[in-house]
Amino acid sequence: QVQLVESGGGSVQAGGSLRLSCAASGYTYSSRCMGWFRQPPGKEREAVALIYLSDGGTPYVADSVKGRFTISRDQSKNEVYLKMNSLKPEDTAMYYCAATVYSIAGGYCYTSRGRYNYWGQGTQVTVSS
């Protein structure tokens, strides 16, 4: 079993930055992909950025945040990070860390919420205009 705990959320004005952290514990060696989903109010949870843990591969980054968000990992600390720059009001959401034992050959991660079976409690990100 894998336990995930997020931190780093908060309220910022448009154009600001935040850095989210996800600390993993438990059977972390079983996870192949890990990263971030977000759920705006009244909308479904969607993939934001995902990374293949073994070698980093080519991280998935949603088109809506490409060029602004960067995902990274620290294998020694079993942590994954999301650096968010140039935040926009539409980035407002509950951000969840997620992990899965599944991966796609070549070092790629699934983007479907259903493929992830380990979830953190979420951390709120609010961006005001």
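Excluding same-chain neighbours fewer than eight residues apart, the aspartates and glutamates reachable from LYS83 by a Cα-Cα span under 16 Å are GLU6, ASP63, ASP74, ASP91.
Cα convex hull of segment 54-129: mean projected area in nm², to one decimal?
Working: hull surface 23.2 nm².
Taking a quarter of the hull surface, the average projection is 5.8 nm².
Taking the solvent-accessible surface of protein heavy atoms with a 1.4 Å probe, what is the per residue accessible area of the chain in Å²? Let's see the in-between values first.
On the way: 6490 Å² over 129 residues.
Heavy-atom accessible area per residue stands at 50 Å².
With a cut-off of 16 Å on the backbone N, the residues of segment 74-91 near the modelled label site 7 Å out from SER25 along Cα-Cβ are 77-80.
Would you please name the GluC sites (Glu not before Pro) within segment 1-80 that are DSSP coil residues with at most 11 other C-beta atoms within 10 Å of their C-beta? Show your work: numbers first, answer last.
On the way: sites: GLU6, GLU44, GLU46, GLU79; in loops: GLU44.
Of the GluC sites (Glu not before Pro), the ones in loops of segment 1-80 whose Cβ has at most 11 other Cβ atoms within 10 Å are GLU44.
Calculated FRET efficiency, SER11 and GLU44, Cβ-Cβ r, R0 30 Å, to nearest 0.05? Plugging the Cβ-Cβ distance into 1/(1 + (r/R0)^6) gives 0.85.
Mean projected area of the convex hull spanned by the Cα atoms of segment 50-98, taken over all viewing directions: 3.8 nm².
Taking every alpha-carbon pair in the chain and binning the separations at 10 Å intervals from zero gives 14, 49, 30, 6, 0 percent. Counting only protein chain heavy atoms and rolling a 1.4 Å probe, the accessible areas of ASP91, ASP55 rank, largest first, as ASP55, ASP91. Carbon and sulfur: what percent of the chain's accessible surface (1.4 Å probe)? The C+S portion of the solvent-accessible surface of the chain is 46 percent.
The values are calculated or read from the model by the stated rules, or taken from the named source; none is laboratory data. Everything quoted here is computed from the prediction, not taken from an experiment. All Cβ positions, even for glycine, are placed from backbone atoms using ideal geometry, and neighbour counts span all protein chains on display. The area values use the complete protein model at the heavy-atom level, side chains included, leaving out ligands, DNA and RNA. Shrake-Rupley method; radii C 1.70, N 1.55, O 1.52, S 1.80 Å.
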